[in-house]
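The structure follows.
The values are calculated or read from the model by the stated rules, or taken from the named source; none is laboratory data. Just so we're clear, the structure is a prediction, and the values are computed from it rather than from any experiment. Accessible surface is based on the protein model in full, side chains and every heavy atom, while ligands, DNA and RNA are left aside. Shrake-Rupley method; radii C 1.70, N 1.55, O 1.52, S 1.80 Å.
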Amino acid sequence: MESHVFGPVPSRRLGMSLGVDLLIPKTCSFNCIYCQVGRTTHHTLRRGRFVNTKEVLRDIQAALRKERKVDYVTLSGSGEPTLASNLGEVIRGIRRLTKSPIAVITNSSLLWRRAVQRDLLGVDLLVPSLDAARTETFRKVNRPVRGLRVEQIVRGLVEFRKRFKGRFWLEVLLVRGVNDSAADLDALRQAIAEIKPDRVQINTVVRPPCESYAKPLSPAALRRIAKRIAEGIPVEVIAPFHGKMSGHAAATRDEVEAMLRRRSCTVADIASSLGIPRVEAAKHADLLVSSGKAQTIRHQKQTYYLIPTK
């Protein structure tokens with residue numbers, strides 16, 4: 001039976017993050033051109049119960065029993081987690097299992113719904129995204145479900161920020177030549193001033209995107225944008241992960257497979273996440289490739305392993 005958890009994986013924002021996936025690949029309200037999971041196959045705004053809550057909590061409990069450092073339990077995975085109608089149940093269950101803080105990474109598309117807001121009030125950290133505040137650009141970079149408007153999303157972010165008592169970090173992911181124009185940055189700046197997040201995190205394409213034309217911005221360009229995108233709110237360019245994972249006895253091929261179903265990883269990523277030697281990580285990854293389950297992708301002079309969505 002496939003696990004509903006993956007990692008802990010090294011996160012540039014959250015340290016070692018135990019991922020929790022409540023979806024079937026790839027269920028999302030967006031079809032972002034930069035997505036590392038691949039193109040959306042179930043494009044929807046309709047919430048549903050895609051996995052069994054008890055099974056998810058069982059998998060989380062099993063993962064937490066292993067001697068691995070967990071900085072956050074993070075709901076993310078193979079799509080938009082707020083589409084899971086049992087999101088609130090799972091969050092409450094995690095709270096009973098561990099003292100580790102709970103994070104949710106969301107594309108913000110359903111934050112205007114009161115039911116989604118109620119589900120998310122119990123988390124410690126929300127990392128919503130807003131890649132564009134202009135309609136035309138929003139459609140180009142995020143390719144949303146028909147009828148979803150960026151004005152709804154901004155309004156939902158503003159409303160939920162007023163209710164939410166936890167940490168609220170807004171992510172902006174920029175794609176060169178797509179959503180980084182002066183007009184787009186000015187619109188984002190205005191929206192950020194209305195939302196008032198605790199901090200803004202500027203990101204760009206790092207892992208292999210689903211569309212080859214989605215290119216990263218340079219570090220210098222990101223630093224320039226960070227200076228102009230918000231006033232009175234801390235803004236940071238997300239740096240590569242530099243943490244080190246304490247080792248454990250062994251990792252199974254199933255653990256590696258669970259990770260590669262949710263994100264593309266280098267051998268170094270796999271080794272760091274699971275606390276195993278690189279040679280063992282490479283062995284598991286290469287066996288998944290030779291069996292036809294995984295594939296390799298060259299991106300930014302590195303080799304990534306990924307199990308594509310069907």
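For Cα pairs less than 8 Å apart in space and 6+ apart in sequence, what is the mean separation divided by the residue count of segment 51-138, i.e. the relative contact order in percent? Write down the numbers at each step before the final one.
Working: 90 pairs, mean separation 24.4, N = 88.
Computed value for segment 51-138: 28 percent relative contact order.
Which of the lysines could a cross-linker bridge to Lys26, judged by Cα under 20 Å and excluding same-chain residues fewer than eight apart?
The qualifying lysines are Lys140, Lys293, Lys310.
Also, quick follow-up: Kindly express, to the nearest 10 degrees and within the range 0 to 90, the angle between helix 87-97's C-alpha long axis and the longest C-alpha principal axis of the chain.
With rounding to tens, the tilt is 50 degrees.
In degrees, nearest 10, range 0 to 90: what is the angle between the Cα axis of helix 253-262 and the longest Cα principal axis of the chain?
That works out to roughly 10 degrees.
Same structure, new question: Can you work out D for the chain in µm² s⁻¹ from Stokes-Einstein, where Rh is the Kirkwood radius over C-alpha pairs, the temperature is 4 °C and the viscosity is 1.567 mPa s? Write out the running numbers ahead of the final one.
On the way: Rh = 19.7 Å.
After rounding, the answer is 66 µm²/s.
At 0.36 nm per residue, minus the direct Cα-Cα distance, what do Leu287 and Ala221 gain on full extension? Give it in nm, one decimal, please.
Details: separation 66, 0.36 × 66 = 23.76 nm, distance 3.92 nm.
Using 0.36 nm per residue and subtracting the Cα-Cα distance, I get 19.8 nm.
Also: Based on DSSP H runs of at least 4 residues, each adding -39500 (n - 2.57), what is the mean residue ellipticity at 222 nm of the chain after dividing by all its residues, to the nearest 500 deg cm²/dmol?
Values: 10 runs with 108 residues, N = 310.
After summing the helix terms and dividing by residue count, I get -10500 deg cm²/dmol.
Using a 1.4 Å probe, what is the accessible area per residue for segment 1-148, in Å²? Kindly include the intermediate steps, with their values, before the conclusion.
On the way: 5940 Å² over 148 residues.
On a per-residue basis, 40 Å².
On to the next question. Report the antiparallel proportion of the DSSP beta bridges in the chain as a percent, rounded to a multiple of 5. It would help to have the intermediate numbers written out before the result.
Numbers: 11 of 39 bridges.
Of all bridge pairs located within the chain, approximately 30 percent are antiparallel.
Something else now. What is the distance in Å between the Cα centres of segment 1-24 and segment 52-76?
Each part reduced to its Cα centre gives a spacing of 8 Å.
Given an 8 Å cut-off on Cα distances and at least 6 residues of separation, report the relative contact order of segment 21-98 as a percent. Please report the intermediate quantities before stating the final value.
On the way: 96 pairs, mean separation 33.8, N = 78.
After rounding, I find 43 percent.
Give the carbon-plus-sulfur fraction of the accessible surface of segment 46-95 in %, rounded to a whole number; probe 1.4 Å, heavy atoms of protein chains only. Walk me through the intermediate numbers first.
Working: 1000 of 2230 Å².
With neighbouring chains kept in place, the figure for segment 46-95 is 45 percent.
Normalised by the number of residues in the chain, what is the relative contact order in percent for Cα pairs under 8 Å and 6+ residues apart? Please report the intermediate quantities before stating the final value.
Details: 629 pairs, mean separation 61.3, N = 310.
Value for the chain: 20 percent.
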